[in-house]
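For reference, the structure is listed below as structure tokens.
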Amino acid sequence: MIARAPGRHALLFILITIFADTVAFGIIIPVLPKLIAELGDTSISEAASYGGLLMFVFAVMQFLFAPVIGNLSDRFGRRPVLLISLAALGIDYVILGLAPSLVWLFLGGMVGGVAAATCATANAYVADITPDEQRAARFGLIGAAWGVGFVLGPAIGGLLVAIVLYFIGHDVNPSTWTYYVLHKFQWSEGQIGLALAAVGLSSAVVSGTLVGPIVARLGEARTAYLGFCMAALSCLGYAFASQGWMIFPSIAVGAFMGLVMPSLRSIMSQMVPEDGQGELQGAIASLMGLTAIFAPLIMTQVFRYFSAQEAGVYFPGASFLLAGLLMLLGALVVMVVLRHPSAPPGQPSSETGDV
């Protein structure tokens, strides 16, 4: 059984770790499309295909290592695993910064995927130090950063469907968004950086200050349902934006997709014993990695097909339309599954049932 660490200091350590990971990831996103285009001597539209493959490699490594690292953190402790992951992430960005060819970018993607697999450890750490009634709010603080065969009843199995839809729809943003605004609006790296700063700020406001109050008022199930609907609205806003400024309202709305995973994580974390939290979070991260293997390939290829000059139907926002439809389907699954929960006795039911 994992001993509970002092809450305040342990949570601060987790937030700093997540912050460092996010800053590093945010630095590379604005320049990655042009970096790929330069190293591969391709257009931005063609670079999207390489970007999808790069995320595929990243996701495969995350999928393979997340359960292993989650269990290692149960055995050896959360802090050592997180510190080693930060060191690996530093090595990854040195590789990316000095990469002379696309091969080196893919090598960096492999290292980064292994380092990112420790996101499961961070979430398990939060579960270790947080009382049940505060977990949704604490998971919201670190953002929404189920594995095969890890199903604890029909309700959890239904949520697993919902989580798959969420992850696939969500991955349109890291895989395609930058290529989309470069292609459609010819944004500069500075404009992309400004937009990403808006993403970070709005996400921090929602995740850091609104998740707890919204869950307290609506319940975890309704909060997840609301998050899915807002995510769908944001994706549709991106898809049909005709001018660059229209991206920013969609960013603000999209921040509320941060309601989804803290709520679902909280529901599921209350269905496993305390000493199984590492396994649970590793399984969720593994599922995220599994969907991320295919989602970037799907989304970037849809973007490339509908953004090519020879496309029969020219619609660069097609991948965001697809993501929006997946989010709406996820909302429907949450509404149906949690309306008739089958949680074990003593587990949340009435709160999660009335969606």
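Between Arg79 and Arg217, the modelled label-to-label distance comes to 3.8 nm, taking each label 7 Å out from Cα in the direction of the beta carbon. Applied to region 162-179, the Karplus parametrisation 6.51 cos²θ - 1.76 cosθ + 1.60 on θ = phi - 60° returns per-residue 3J(HN,Hα) values of 4, 5, 4, 4, 4, 5, 5, x, 4, 6, 5, 6, x, 8, 10, 4, 5, 5 Hz, with x for Gly and Pro.
Can you tell me how much longer the chain between Gln301 and Phe248 gets when fully stretched, taken as 0.36 nm per residue apart minus their C-alpha distance, in nm with one decimal?
Result for the pair: 16.6 nm of gain on full extension.
Annotation: extensible slack from Leu86 through Thr42 equals 12.6 nm (criterion: 0.36 nm per residue apart, minus Cα-Cα distance).
Amide H contacts of Trp187 (H built 1.01 Å from N, in plane; Pro and chain starts excluded): Leu182 sit under 5 Å, all sequence-distant by 5 or more or on other chains. Derived scalar couplings between HN and Hα for region 212-218 equal x, x, 5, 4, 4, 8, 9 Hz in order, rounded to whole Hz, by the Karplus curve 6.51 cos²θ - 1.76 cosθ + 1.60 (θ = phi - 60°), x for Gly and Pro. A straight line joining the Cα centroids of region 155-223 and region 49-121 runs 21 Å.
What is the log10 of I(q)/I(0) for region 192-253, computed with the Debye formula using one identical point scatterer on each Cα and no solvent, at q = 0.18, 0.24 Å⁻¹? Cα-only, vacuum Debye calculation for region 192-253: -0.70, -1.02.
Taken one residue at a time, the phi angles of region 101-113 give Karplus couplings (6.51, -1.76, 1.60, θ = phi - 60°) of 7, 5, 4, 5, 4, 5, 4, x, x, 5, 5, x, x Hz. Gly and Pro are set to x. Taking all protein chains as shown and a probe of 1.4 angstrom, Tyr93 keeps an accessible surface of around 60 Å². Put simply, the amide H of Gly77, placed in the peptide plane, has no neighbours under 5 Å, leaving out anything fewer than 5 places away on its chain.
Shown are Ile251, Ile84, Ile298, whose ranking by accessible area with a 1.4 Å probe and every protein chain present, most to least, is Ile84, Ile298, Ile251. Sorting Arg217, Arg304, Arg75 by accessible area puts them as Arg217, Arg75, Arg304; the probe is 1.4 Å, largest comes first, and only protein heavy atoms count.
The values are calculated or read from the model by the stated rules, or taken from the named source; none is laboratory data. Computed from a predicted model, the values in this text were never measured in an experiment. Cβ: placed from backbone, ideal geometry, glycine included. Neighbour counts: every protein chain shown. The area values use the complete protein model at the heavy-atom level, side chains included, leaving out ligands, DNA and RNA. Shrake-Rupley method; radii C 1.70, N 1.55, O 1.52, S 1.80 Å.
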